[in-house]
Every structure is written in C-alpha cells, then in structure tokens.
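Reviewing the structure listed below.
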Amino acid sequence: MTLVMQILVDGFVISSLYALGAIGFTIIFGVSGVLNLAHGGILVVAAMVAWYMGANLGLGVYPACLVGILAGIVMAYLTYYLVVSPIERSRRIPAEEKEIFILTATLLWGIMIQEMLAYIFSSNPISVPRLVPGITNVFGVHTPTNELAIGVVSWLVILGLWFFVNKTRFGKAILAASINPRGVSLLGFELSSIHRLVWGLYGLLAGLAGVLLATFIGASPTNVGDLTASAFIIVILGGLGSVPGSLLAAYIIGFIETLTAYLSDPSYRTLPALFMLIIVIYLRPQGLFGRR
Amino acid sequence: MSKFLRSYRFWITVVAIAFMAILPIKASGYILGVLTMAYYFGVFAMSWDLLFGYAGEVNFGPTFLIGLGAYGAGMLNSYTPLPMWLCVIAGAAIAVVGGVALALPALRLRGPYFGLMTLVAVLLLLQFIVIFAGSTGGEIGLAVPDVLSISTDANYYYALVFMLISGGILFAVSRSPLGLILQATGQDPIAAQAMGFNITKHKLFAFCLSAFFSGLAGALMIFYLGTASVNTVVDLAVAIQIIIAAVLGGRRTIIGGALGAIFLIVAGELLRPIGELSNFVVATVALLVLLFVPDGFLGAVLKRRAGL
Amino acid sequence: MKEYRKSGRGLALGAGLALALGAAVGFSPISAHAAAKAPIKIGVIAPFSAIDGISIVNAAEMATDDINAHGGIDGRKIELLKYDDHASAADGVRAFQRAVKQDHVVAVVGTFISEVALAVEPWAARLHEPFLITGAASDQITNLVREHYAQYKYVFHANLNSTFLGDVVCAQSHAILVKDFHYKTAVVMSENAAWTKPLDDEYLKCLPKAGLKVVDHIRFSPNTTDFTPIFNKIEDTHANVIITGIAHVGVKPTIQWHDQQVPALLAGWSSQAGASTFWKDTNGATEGVITGNLGAPGAALTPKSNPFSSAYVKRYKTTPAYNSYTTFDAFYILKDAIERAHSTKANALVSALEKTNYVGTIGREQFYGRTAKYAHGFKFGKGYVTGVAIQWQDGQQKIIWPTHAATAKPILPKWLKPKK
C-alpha cells in the first residue's frame, strides 16, 4: 500500500515538473513553428541565477527565485532576437530549409549558454533551498512539503494558462495564431506582437520550471542537453503544438519512469519510456494529440 | 580526362594531398596527433553530410552509428581473442545492422519526427552503456587492449589514408546518379516519387553507407586512442560537433564536412589556452557562420564561383 | 566534368588550412639538451572543473612552489605542466600522450577517476613513462602491475586502493556506529563505477565483521537525478545507516537525503563531502554526514599534516581533498627518488621509486613489492597510511576518528536517535 502511495506521490511531482517544462516548448512551436533546442539552457540559466542570488548575494529564497524567473524571460527574448528572428528574416536561407537552420542554430545557442554558465559558475551541480521547508506525511509516505508545493504550483500555472488563453483577448489571439497565422490580423493584432508576447510567456514558464527544478533535484550546466531532450520527447509524444497532448505525455512519461524506478531498478528509469516513445511514434507519427 | 589533368583544381588537390602526406617530416607529434583526430572526425562529418545534405534528413544520431562501431569493436577486442582488424570490420558491420534497424522505422517519418527517432536511438545507446557499465566501462570509458600503433607518424598515415579513401567513395556516390536521386528526394519527395524512384530504397542505401563509414571510423578511432568512451564517440555533444563541422564546411559538398572537422578540431586546439571558454568561442563562430554564411565555407566559395 | 569541381575547391581550402598549420610547425620543440640547471618537467592530469579534480592541481602547484622555494630537486627547479582530462578517458589519453611526446615530462601525476587512470595506464606502459596515480582508487590499477610487471612497472599507485578504503570505513563504523550509536543494520549504496566494485565487495565482507548486518546493496547510476525511489526503498528496510561509496556525485543525494529526512544516517565514503565548500554546495544539508578521508585539517597524523593543510586552506580558501594529500606527497616522493637515482631516466626512476620510504602528510609512505597482491600500491595499516573519519557539524568538518586525532565527538542529525 505504501508502495502504491509512494509511486502516486512521486509520479505526480515529477510529472507536474515535466509538464511545466514542456508546455512553453510546445506553445512556441504551436504559435511560431520554432523547435527551440536551447530550451534546457534557459531552464538552467533560471536555476543558476536563482541559486547565485540566494547563495552568494544573500537574497531570500523567494526574491532569488523571482530574479531567476526574470532571467528565464530575458534568455527567451535573447533567443528570439539573436537567433530565431535573424533566420526567419534571412533572404539567404531558402524557406524550406529554415526549420533545419533554426534547429541547428538553437542547438548551438544552447551550447553557448551551457559553456558560458560552466565558465561563470563552474559545472558543479547547484541546488536552491526549498521554497517550503518541512516534511508532510501523505498516507504514510514521507514527502518533503516542497515537492508537494511544486506539484501544486505547476497545476496553478497550468490552470492560469488555460484561463489566459481562453478568457483574455491576448490569449485568444495566441490561440488564433496557432491555428491560422493570417487570421490574427483580422482580430486586430500584429503577428509580430503576438510572437513577442508568446516568447515572453515561454520565458516565464521555462524560468519557473527551471527554478522549481533547482529546489527539487538541483541543476548543473551539464544538464542542458538532457533537459532539452526530455522536453523534446514529451512534446513529440503529445503531438507538436498541442498543450493537452504535452500534459498527457508528461504524465505518461513521468509515471512510467517512476514505476520503473520503484518496481525494477532506478538505473533503468528512462528506458521503458524511450521504448514506448519509439512504438508510439512508429504507429502514430503525429503523436497522441497531433495534427497531421 | 585530359582536361581534368590540366585543370587547376586537380593540381590543388594533388598539392594538398602531397602536403598532408609529407607533413610528418616536419611537424611535431603534437600537431600530427591533433590532425589524426581531425581526420577521423572528418569521416564522421562526411558520412553525416551524405544523409543530411543529400537525403535531407535531420539526423541527430550520427553517434548512434559511430558508437555502435566503436563499442562493438572495442568490446569484441576486450572480451574475445579476435584480432584487431577483425574487430574493426565487425564493428563496422554492427553499425550497419544497427543503422538498418534504426532506418527501417525511422524512414517512414520526416522532419522533427525523424530527428527525434535518431535522437532517441542515441539516448538508448547511452543508457545501455551506462547500465551495463560492468562490461562497457560506463560513462567514463572502456580501455581496449590493442592499439593501431604507438608511433605518431603511423597513426597519422592510417587516419589520412582512411579519410582520403572514405572521402573519395562518399564523394563519388554523391556525384553518381544515386546522389542526384537522393538530392531530389530531399528537396521534393513527391516529385521524386512521381518520377518513379523508390525513395525508401535509396535512402536506406545512403543510411547503410553512412553507417558503414561512421562505424568504421569509430572503430579505428578507438584503436588509435586505446580507449572507447562515451564522450568521444556517443555523447550528443559529439553529434552536435559533427553537425557543426558539416554545416560550417558546407552542406551537400561532402568534402566540406572534412574541412569543417579539421577547422573545428584545430580551432579547439589553438583555443586551448583560453581554457573552458574555447567551446563557447567555437559554438559562437559556428552560429555566426550559420547566420551569415548559411552555405558554409565551401558552399560560399562554390556559389561565388558559380556566379562569376 | 562536374565531378571534381567541388572537390578541387574543397581541397584548395584544405591546403590553405594545412599551410597555416605548417607555419605552426616552425616551432619545433627546443632540443632537450638539458643544461645543468634546466628545469625538471613534471605533468599533472586531472579534471579541472570537478571539486576532486582541481584539488589535485592545487596540491601539485603547492608542492612545486614549495620544492622550488627550498632549492628544487638537486638544484633544478620543477616546471609544472597541467592537463585537463575533462573526466574523460579519451581526453586523459590525449593529455598523457601530449605530456610525454610533446612536452617530454619526466613523470606524470594524477588523476581523479579510475576509468581515466585505467585508460591512461597502458600508455604509461607503452611509452615507458613513470605515472603516479594519486586520485583513482580501483584495485585494477595495481593488478595490472602485478600481472604484467615488465610492461607496467612504470605505474605507482600513490593512494589507498578501494579495498583498503572499504577497510577504513569498516574500522570507523565499528568504532562509531556500532559502539557509540549501537547501530546494527546497514544498506550499502554506491555509484556504479570501477572504483566501487572492489569497495562494495570489501564492504559486504567487512561490515558484518564490524557488527553491521548488510540488509540491502544498491548500486545507482552516477547520472541519477531523483534519489527519492532509492531512499524510499532504503526506508522500507529500516536500516540504521547508509554506507556510501560516492565520488563522482555527492551534492544531489546529500540534499535529497536531508530534505526527505531519511531515517538512516549517511556514512561511508563520500569524496566531495571532504571539501569545505560542500557545506555551501548542499545549503547545509550535509550536517551530520560522516565520510572517510585520508587526512583532514587538524588531524596531526604526522608532523607534516597540519602545516600542509593550513597552508592549503590559506592559499585556496578550501580544505584539501584526500587526493590533495596524496598528490602533494607524490611530488616529494618523486623529488626523493630523483635525488637518490641521480637521474630522471625512467628505469632508474622506477627502481628508486620502488625503494620509497617517505613520511608524508598522511603517514609513512612505502610501495608494496612487485610480487605483492597490490604491487606498487601504497602500504596500508598501522605505521603506514590509515585514514581518518570526518563529520560535518554545524558547518565545520570535525575529526571523529581515529580517537588520538579526534577534534569532536560524533553526533546525529536532529531527526535521528542512537539505538538502545
């Protein structure tokens, strides 16, 4: 019985974190068609800035985390203005190759972020103090309260996002842009201002995910590639550009990993999820919720 | 042919090869060691270009093929009495088998989905190496008993000859009718299919060829180093370096891949004094080239000539 | 005639690049006609960005400056050459080749990770280069020397091997965990790496003899990020203590152990916990953690221990790691051997090194003979190198074993109680 509870609690926490990390990634693709392979870099920047503010500049945990999230937003805009936008506008790059160029360029950008972080902060793993200290007993399972808080915050953000997209004017414009970019101008919005807004939203989500990650399992510049890969996997499994798909995929992968870690061996953690991914993509290349 | 013999390109080629061949007389062991690695890397990048440049598939998984060849050969050498050259051939064969196993399902997919499939292949291989650390040496590496040679000059010539032969074959393939068909399928798969080409068959062949040379190069490289380790032959960072090399040199040129690889490795060595920042500088240069010279070094030169 | 167009231009660029390189060839190495006062070159290989890698480089710098300030080796100064192996076997091999073939160093000292040391070892044999291993611990290092002495005689293991590290922990565990805390059961939890294989074998053998029943044995992958499942499993066994074998990781398991308040003490071997920065790295989660070490500030194992550790702390603002002690001593062992051999030639140096009898910072240092089980390894036990146990108490590393060097009594983190 405790084992079942352990798996449920642990799976919920890790899946919520995965979901938060992947949502921004999928929204950016849905709206502007960009697969940002520097994603992990943005998460780690937010995590390390929050850590630095707290541990070296003596800021409290909450202000430090806010600065970390801010750093995530700044990084998202830098990614857009320095890397993505020049390629989208370039006349030297043929239109059908832009996707490949953005993939490669953001990949390089991710490496630049990783190397810069390692240079400034070293590649030793860091950890941000818990937002909520203490231990909660969830039906017999000792769980750090902080982990439960991570799950709750993730869901509040997801609900907030749902509200924003469905109930506000800007949100509706984003939704429209993801369906038909040309239709947006009919609603009275510039497509470029939608893009600016979406990249800011993306930075916020990635920054938050990075900071929460740092309070739970910590972060290090060497994680950049793994974090990008895991978001990429979740988003493709869910169907590119589909937010509900990404949520579902995050939970599927999170729970399969947790089940594997508890029932067989923590070392095998990622294997079954990867195999399942191959099978799903083979049978249904557009992902669970994707449009062809 | 006589026109070819009189063309300046032919003579530049001869001079360049001759220069590389006589380099050991004058160059120090250190420079030769750097170039030896660069030549193996050049083969990685050229193999990747055949698939990416010509067949138009974003392959994030070159190190899946290289890693299979390297670890296949290395483990055979460690755990069986097979002679080294047999291990190298077996490594290349394992890479081809692995390549087919990956290609058959993956070639049904396009764009990011194909990319993801190749990415997952690398992650799986990495996981297996880490899980079976007892026999693979895990994340740090596997020491192999045999080495190609302990002489710097001999190692240099092995790598040089290997790069020239593989480059020649890959280049010939890319210029053959097969290469043109691959290029056509990469740019407009529907039109190519309408013309009656069996796209999958051609792409599969390209994949096998790419796998063969990647695996062979991986196997030879570990017998040069005397060790196989994840961060020289499997890690995503290596895959990224290969992609950077091919893009820098110029896609759809094959030879550009080798140039890009030599540039990257040599630049990495020259920048060694600035320490940890060297990778940052290399990535920045690559990004700038990508943004401002999207055709790469060789592509840009060719385009300019074509315009004249 | 389109076939060769691109290749021609490609190779033209290649030729340009090759020419640029050719210009660099001009700097061929200065011929090594050693003038009487030419410096003696010694190489150090380590992963610079790891806590337990830079500690090797720091100690090498200190030893070099120290020896040079006191007249050098037979009047010749040491020139230290540093190589980063990035914790990678291939980079380690390349660095070693460069050190020997390009820079012509007399001997190489290093490195931290066993897999890297084991990959470099055959090159020491092939290139006939003395190699003093001061950070890696795997028993395989000395096995190679014993089995193929003629080839591998150039390798010396100037560190305790994993089996001995296991013995150090068992001795400490008997004195502290069993006698003071009345603990009875333990879980062995080690990272999956070459050095922990003999360590775990020794743990499983000697912990029961020390009075701790091993109720579970976990080997985790060094890239594990979430330790919750592992700690939950351990909690289910109701073990009193977790005996660790961790060096490549350290921060993550310690923080998660503390945050989850795992009801079992963390003790054993946790290399990173030996560094004073570990308190800050873990935000204080390391309170109560016990780890073995070879030396520690304040532990007067020999007259040289405290002068070294306080000079190190003063210079680098952090405590020396286990491999700082061994690396610092390795330079003095080399100095001693070169002076006795009156030569820097490999074979003469090897014979002199075999006769080493040097009181270093962590005990009397001698190497086992060529036919011994641990050929060319550090002698372990009373009168030689014995190790210490340190515990994090209130932001400080306290020595809690052996008793004659102890600076504090062992304590328990606040959520744990001694058994009756």
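For region A:2-283, the relative contact order comes to 37 percent (Cα pairs under 8 Å, sequence separation of at least 6).
Determine, from the Cβ-Cβ distance of B:L104 and B:I169 and an R0 of 30 Å, the FRET efficiency 1/(1 + (r/R0)^6), rounded to the nearest 0.05. That gives a FRET efficiency of 0.80. Per-residue mean of foreign Cβ neighbours for C:254-267 is 3 (Cβ atoms of other chains, 10 Å radius).
Using the Cβ of B:V230 as centre and a radius below 13 Å, the other residues enclosed give a net charge of -4, where K and R count +1 and D and E count -1. Once the Cβ-Cβ distance of A:I120 and C:K314 is raised to the sixth power relative to R0 = 25 Å, the FRET efficiency obtained is 0.45. Computed from the alpha carbon positions, the gyration tensor of the protein assembly as shown leads to an equivalent ellipsoid with semi-axes of 46, 39, 24 Å, biggest first.
Averaging the Cα positions of each part gives two centres, and for region C:121-176 and region A:106-145 these lie 35 Å apart.
For chain C, the Kirkwood estimate of the hydrodynamic radius, built from every pair of different alpha carbons, is 22.5 Å.
Compute the signed sum of charges (Lys and Arg +1, Asp and Glu -1) over the other residues within less than 15 Å, Cβ to Cβ, of A:T258. Residues close to A:T258 contribute a combined charge of -3. Of all aspartates and glutamates in the structure, the ones whose alpha carbon falls short of 18 Å from that of C:K209, not counting any fewer than 8 places away in one chain, are C:D167, C:D180, C:D200, C:D201. Simple spin-label estimate for A:M276 and C:K82 gives 4.7 nm between the two label positions (7 Å along the Cα-to-Cβ direction from each Cα).
Where in region C:131-224 are there trypsin sites (Lys or Arg not before Pro) that are in a DSSP coil and have at most 14 other Cβ atoms within 10 angstrom of their Cβ? Within region C:131-224, the qualifying trypsin sites (Lys or Arg not before Pro) (loop, at most 14 other Cβ atoms within 10 Å) are C:K179. Neighbouring Cβ atoms from other chains, within 10 Å of the Cβ of residues in A:76-87, number 1 on average. Estimated from the Cβ-Cβ distance and a Förster radius of 60 angstrom, the FRET efficiency linking C:H128 and A:S193 is about 0.30. Here the convex hull built on the C-alpha positions of region A:1-60 has a volume of 126 cubic angstrom per residue. Extending 7 Å from Cα along the Cβ direction at A:T168 and again at C:D180 yields two label points whose distance is 5.7 nm. Taking every DSSP helix (H) stretch of at least 4 residues in the protein assembly as shown, weighting each as -39,500 (n - 2.57) and dividing the sum by the residue count yields a mean residue ellipticity at 222 nm of -19500 deg cm²/dmol.
Which whole DSSP H helices in chain A pass both tests: a Cα extent of 18 Å or more along the axis and a mean Kyte-Doolittle value no lower than 1.6? Those that clear 18 Å and a mean of 1.6 are A:2-32, A:61-78, A:224-238, A:271-283.
Averaging over all projection directions, the Cα-based convex hull of chain A occupies 16.1 nm² in the image plane.
Once C-alpha pairs closer than 8 Å and six or more residues apart are averaged by separation and normalised to the residue number of region B:36-234, the relative contact order reads 44 percent. Look at A:W162, C:W279, C:W392 and count the other Cβ atoms within 10 Å of each Cβ; fewest to most, that gives A:W162, C:W279, C:W392. Taking each residue as 0.36 nm, the span from C:T403 to C:R364 lengthens on full extension beyond its C-alpha to C-alpha distance by 12.2 nm.
Distance from the Cα centroid of region C:315-360 to that of region A:9-30 is 53 Å (rounded to whole angstrom). Annotation: Cα Rg of region B:36-234 relative to the compact-globule expectation 2.2 N^0.38 Å equals 1.03. Given a cut-off of 20 Å, name the pairs among C:K153/C:K205; C:K213/C:K409; C:K304/C:K409; C:K41/C:K373; C:K213/C:K233 whose C-alpha atoms lie farther apart than that in the structure shown. Exceeds cut-off: C:K153/C:K205; C:K213/C:K409; C:K304/C:K409; C:K41/C:K373.
Counting Lys and Arg as +1 and Asp and Glu as -1 over every other residue whose Cβ lies under 11 Å from the Cβ of C:A50, the net charge comes to -3.
Read the figures in this text as sums done on the coordinates, not as results from a lab. What you are looking at is a predicted structure, and each value in this text was computed from that prediction instead of being measured. As a convention, Cβ positions derive from the backbone with ideal geometry for all residues, glycine included, and neighbour counts pool all protein chains shown.
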